[in-house]
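Some notes on the structure that comes next.
The values are calculated or read from the model by the stated rules, or taken from the named source; none is laboratory data. These numbers were taken from a predicted model, which means no experiment stands behind them. Virtual Cβ from ideal backbone geometry, glycine too; neighbours counted across all protein chains shown. The area values use the complete protein model at the heavy-atom level, side chains included, leaving out ligands, DNA and RNA. Shrake-Rupley method; radii C 1.70, N 1.55, O 1.52, S 1.80 Å.
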Amino acid sequence: MKVPPRPLSRPPPPRPPTRLKVENFGPIRSADITFGNLTVFVGPQATGKSILLQLLKLLVDTSYIKKEFSRAGVDWSENYSEFLDVYFGEGMRSLWKQDTQITHNGLPIDLPQRIQEKRPQRQESMFFIPAQRVLALRDGWPSAFNYYDASVPFTLREFSEHLRLLMSDFGSLKSDFDPQLTLFPVPRRLKSEFRDLLQKHIFSGFDLKIDTQRAQKRLVLTSKESGGGSLPVAVWSAGQREFVPLLLGLYWLMVSSKTPRRKGVEWAVVEELEMGLHPRAIAVVMLMLFELMARGYRVCISTHSPQVLDAVWALQRLKEHGAPASALLTVFDVEATAPMLQLAEKVMKRNMKVYYFDREAGKTKDISNLDPSAEEAGESGWGGLSEFSGRANEAVARAVANSNQ
């Protein structure tokens, strides 16, 4: 009997863009953000980048956040101001003002009412990797949600809890004959190309392992060249300390099964991905964020690194001129293997948005074109990230010209 061919599964319909408008919320006087497949926030410190991302998390995961607070026994006394303190961090109740206005996807949001009302229980939709992620491994092992007091923002507490659960899953795989379980490099975790790049530019011959020989589990780096000795977190390089929690967060998002995304999770937020990293390591992390985009996540990042915008600028220009996917890999100095070409081809079809948070105006500006010749200083200077190099080049050129006269 001939078996009829299986019908081809239709790709899911494209999700509508998410738009968030905010007025008079903390340092933000006015923000109007339409999120792309990749959305980048740039601007000086304390201009509201992290606050806006945390606010979006609160809007898409309201019921989940309230459930987690209830599970952990966090008492906010059904008081809206108390809730802001336990969610954004101690002292942050002042974010909300009488003239605050929030519009999400065209619908006005009464945030105090949204926090108070009963909403259907849902899974987490946004996975948030905060800028303070290194605190999640303060003692070499991720801490439980309840380890932190109520002054710590929800996003850091929940990130640490996710890593703790992830480590428990890894720990269950430990062999009785292997006192140390390898976390990196691990077959079937990340593309082999990523593993090679990370080994070269971040771990430099070290392996990341779980040391279970002590009373307290801890993460260590080991090297065959050093005789297999274990290096605790305290003696890692700054880049390794910053990157390891980010790596574990990417493990959480890049599930090892055939499912491209973790069930229920649509958003991936990474704050200040460049912290502690060499430019070559930043390039590897950008490629891994492209992998998240290719898997269908909506990726949001905040950054103070001009290199990140250089990568976005190059990607946009390559798309405009119909360049092949291999050209994108050339930008990152990566071999054009079949898996990397497939990744580049998918990324070249995605859209990107870049927003500058202007401190003086308290407003956001769409600088997605990243046009160096734009009249708007925020765009031509790429949100202030390339202004220094521009002034340096100009000063040196002027000095050279004067010395030749």
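Here the gap between Gln101 and Lys118, fully extended at 0.36 nm per residue and compared with their Cα-Cα distance, gives a gain of 4.0 nm. Bridging of Lys353 to aspartates and glutamates at a Cα separation below 18 Å is possible for Asp32, Glu266, Glu271, Glu272, Glu291, Asp310, Glu320, Asp366, Asp371, Glu376, Glu379, once same-chain residues fewer than 8 apart are set aside. Placing a pseudo-label 7 Å from each Cα along the Cα-to-Cβ vector at Ser70 and Thr212 gives an inter-label distance of 3.5 nm. When the alpha carbon gyration tensor of the chain is reduced to an equivalent ellipsoid, its three semi-axes come out at 32, 31, 25 angstrom, largest first. The mean accessible area for residues of the chain, using a 1.4 Å probe and ignoring ligands and nucleic acids, is 50 Å² per residue.
Leu38 sits with roughly 0 Å² accessible to a 1.4 Å probe, with DNA, RNA and ligands left out of the calculation.
Stokes-Einstein diffusion of region 57-114 at 25 °C, 0.890 mPa s viscosity, Kirkwood radius from Cα pairs, rounded to a whole number: 200 µm²/s.
The candidates Trp96, Trp141, Trp236, arranged from most to least accessible area with a 1.4 Å probe in the full protein assembly, appear as Trp96, Trp141, Trp236. Counting only DSSP H runs of at least 4 residues, each contributing -39500 (n - 2.57), and dividing by the residue count of the chain, the helix-based mean residue ellipticity at 222 nm comes to -11000 deg cm²/dmol.
Reported to the nearest whole Å, the Cα centre-to-centre distance from region 265-297 to region 309-386 is 14. When the Gaussian network model of the chain links Cα atoms closer than 10 Å, the mean-square fluctuations of His304, His321, His278 top out at His321. Overall, the anisotropy analysis places region 180-270 in the prolate class: the square-rooted eigenvalues a ≥ b ≥ c of its C-alpha gyration tensor yield a/c not less than 1.5, with a/b exceeding b/c. Volume per residue for region 77-174 equals 144 cubic angstrom (convex hull of Cα atoms). Taking label points 7 Å from Cα along the Cα-to-Cβ direction, Ser30 and Ser237 give a separation of 4.6 nm. Rounded to the nearest 0.05, what FRET efficiency do Arg195 and Arg280 have when you use their Cβ-Cβ distance and R0 = 22 Å? It comes to 0.90. Taking 26 Å as the limit for the C-alpha separation, the pairs Lys21/Lys97; Lys57/Lys217; Lys97/Lys365; Lys49/Lys97 exceed it in the case of Lys57/Lys217. Whenever you get a sec, compute what percent of the accessible area on region 198-302 sits on carbon and sulfur atoms (1.4 Å probe). Looking at region 198-302 in its full context, I get 48 percent from C and S. Karplus-based coupling profile of region 260-272, in residue order and whole Hz: x, 10, 5, 4, x, 8, 10, 10, 10, 10, 10, 8, 6, with θ = phi - 60° in 6.51 cos²θ - 1.76 cosθ + 1.60 and x standing for Gly or Pro.
Surface composition of region 7-165: carbon and sulfur atoms hold 51% of the protein heavy-atom accessible area at a 1.4 Å probe.
Maximal additional length on extending the Thr330-Arg317 stretch stands at 3.3 nm, based on 0.36 nm per residue less the C-alpha distance. The overall shape of region 202-343 is prolate: from the C-alpha gyration tensor, with semi-axes ordered a ≥ b ≥ c, the ratio a/c is 1.5 or greater and a/b exceeds b/c. Under the simplified labelling scheme, the Ser230-Asp371 pair shows an inter-label distance of 5.7 nm, with each label point 7 Å from Cα along Cα→Cβ.
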